[in-house]
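Here's the structure, in structure tokens; my notes come after.
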Amino acid sequence: MSNEPSDLQLRPPTVIGQFHTLFFGSIRMFFLGVLGFAVYGNEALHFSCDPDKREVNLFCYNQFRPITPQVFWALQLVIVLVPGAIFHLYAACKSIKQEDILQKSSYTGFYIFSVFLRIVLEVVAFWLQIQLFGFKVNAIYMCDVGALDKKFNITRCMVPEHFEKTIFLIAMYTFTVITVILCVAEIFEISCRRLGFLKTQ
């Protein structure tokens, strides 16, 4: 009985796709998991308003962060992985070999569609991130506390480590842009291989 490893499609069929997997799976997840926790881990505890009361701090923090950045970016990573996971599952069920991906039009089309869907999901996540977080974290957040039946309607809140959070935001935007560029480049590489400008692997 042969002990040779299976030749099923277990990795992207292009060089750029394999680099994207390395970039996506290693650098981006490490950046979010390690540095993201260091920057955002205790944000709610250090978020303080005037007056510094627990109910005011919690109310204003929930207003300031409808969803925490760590949760948003974790959801983004998982959702963006779905198209590739579906294709890999399809390839495994059909026993598709890696070299077949770029040789058979139906497989190539399905793979390109999964990459294109990944681009769409990244662009949507990029737009949502702008709507939720903007491009800059200000040191002061003006909170509307009218719903708490206070004597005042607006209170000032201090955002901890706002400069570090701004840098982290820009880094996450940059990762998204790089990912989209890699996906577009992968589609271009596939097209070149199908047209014979590049040798298939």
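Could you tell me what percent of the accessible area of the chain is made up of carbon and sulfur, with a 1.4 Å probe and every protein chain present?
67 percent
What is the distance, in nm, between label points placed 7 Å from the Cα along the Cα-to-Cβ direction at Gln131 and at Met158?
3.3 nm
Once you place label points 7 Å from the Cα toward the Cβ at Ser191 and Gln63, how far apart are they in nm?
Going by the 7 Å Cα→Cβ label model, 4.9 nm.
If you take all C-alpha pairs in segment 13-200, what percent of them are over 23 Å apart?
53 percent
So how strong a dipole does segment 56-175 carry about its Cα centre when Lys and Arg Cβ are +1 and Asp and Glu Cβ are -1, to the nearest 20 debye?
120 debye
Once amide H atoms are placed 1.01 Å from N in the peptide plane, what residues at a sequence separation of 5 or more from Val145, or on another chain, have their amide H within under 5 Å of its amide H?
Here the answer is Ile154, Thr155, since their amide H atoms fall under 5 Å of that of Val145.
In nm, give the distance between the simple-model label positions of Val177 and Ala139, each being 7 Å from the Cα along the Cα-to-Cβ direction.
Distance between label points: 2.7 nm.
Please compute the length gained on full extension between Phe116 and Lys104, using 0.36 nm multiplied by the number of residues separating them and subtracting their Cα-Cα distance.
Separation in residues times 0.36 nm, less the Cα-Cα distance, equals 2.5 nm.
Might you tell me the accessible area per residue for the chain, computed with a 1.4 Å probe and given in Å²?
Per residue, the chain has 59 Å² of solvent-accessible surface.
Assuming 0.36 nm per residue, please report the length gained on full extension of the stretch Leu35 to Ser95 beyond their Cα-Cα distance.
Result: 17.7 nm gained on full extension.
The values are calculated or read from the model by the stated rules, or taken from the named source; none is laboratory data. What you are looking at is a predicted structure, and each value in this text was computed from that prediction instead of being measured. Don't worry about glycine lacking a Cβ; one is built from the backbone with ideal geometry, like all the others, and counts go over all protein chains shown. Just the protein is used for accessible areas: all its heavy atoms, side chains included, with ligands, DNA and RNA removed. Shrake-Rupley method; radii C 1.70, N 1.55, O 1.52, S 1.80 Å.
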